[in-house]
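Below is one structure, written out as structure tokens, with a few remarks after it.
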Amino acid sequence: MNAIGKSIGRIGVLPLLVAMLFVAIPPGNAVAVVARQDATPTATYSCDTMSHGGTPAMAGHTMSGMDMGTPMGHAAVEFDQLYIDMMIPHHESIIALVQAALPRLTDERLRTIAQNIMTSQSAEIPELMGYREQFYGSAEPMPMDHAMMTQMHRMMPGMSASMDQMAMEMDTEAQVAAFCAADNPDLAFIDLTIPHHRSAVVASEAALTHAIHQEIKEFAQKVIDAQQKEIDELTKIRQELAGAATPTA
């Protein structure tokens, strides 16, 4: 038996195959494999890569996760799970908006706010997924279809936004398309971000009362503190830029 055969005999075939697999994968491909296994969204959104039909072109997978068609008949879910399943796509959509907005924003204050949103909410998505896996056995949120949206409105009575508006706020492509179609990028970013943040604040205020797990209540308070501060800053900036603090419809 030659030296290679003796080595295989000592370490076994399976470990050797695993070792060979890692050697055979070039570094770039190895990163791609890890990215596909990572639950954090990897899509990149940009107005410069808009398709001719007006839909944002994206690298990676869509983050919208929305399905507002026929209700799936979900059984009622616990408040904490519903909050998580809402906040994950809600965070994903504002991250997509920020990705498209950053190259076009001209006001440095807005660029700072946008970057802060990107940093904080990108970190909060895996945090929410970790809680979901810990409490409900799966990190992946349920699709926000009509049935889930109805439950959300019932369990969060302070949510004044219509289901159509909430669906748009959680739809990454709709957020990016609305921004990219606007004439004034700075005002468009403000007018999309303020109501988006308000919905998150209202849902998080409900979580302070109705959430079962202390971790969710603490997360909700963090959302309220950060996003209400940004609402106040954006309102002030809008008043300076346009002479009005209230976003137009």
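Computed from phi, the 3J(HN,Hα) profile of region 100-116 under the Karplus parametrisation 6.51, -1.76, 1.60 (θ = phi - 60°) reads 6, 7, 3, x, 10, 5, 9, 7, 5, 5, 5, 4, 5, 4, 4, 5, 5 Hz, with x in place of Gly and Pro. Would you grab the residues whose amide H sits under 5 Å from the one on Asp145? Only those 5+ places off in sequence or on another chain, please, with H modelled 1.01 Å from N. Here the answer is Asp67, since their amide H atoms fall under 5 Å of that of Asp145. Each Lys or Arg adds one and each Asp or Glu subtracts one; over the other residues with Cβ under 14 Å from the Cβ of Asp225, this totals -3. Using only the Cα atoms of region 165-249, build the gyration tensor, take square roots of its eigenvalues as a ≥ b ≥ c, and label the shape rounded, prolate or oblate: rounded if a/c is under 1.5, else prolate if a/b is larger than b/c, else oblate. Note, shape of region 165-249 comes out oblate. Each Lys or Arg adds one and each Asp or Glu subtracts one; over the other residues with Cβ under 11 Å from the Cβ of Ala96, this totals -3.
So what's the gap between the Cα centers of region 92-141 and region 164-200, to the nearest angstrom? One Cα centre to the other: 14 Å.
Rule-based calculations on the coordinates, nothing more; no lab input. Not measured: the values here are computed from a predicted model. All Cβ positions, glycine included, derive from the backbone under ideal geometry; neighbour counts span all protein chains shown.
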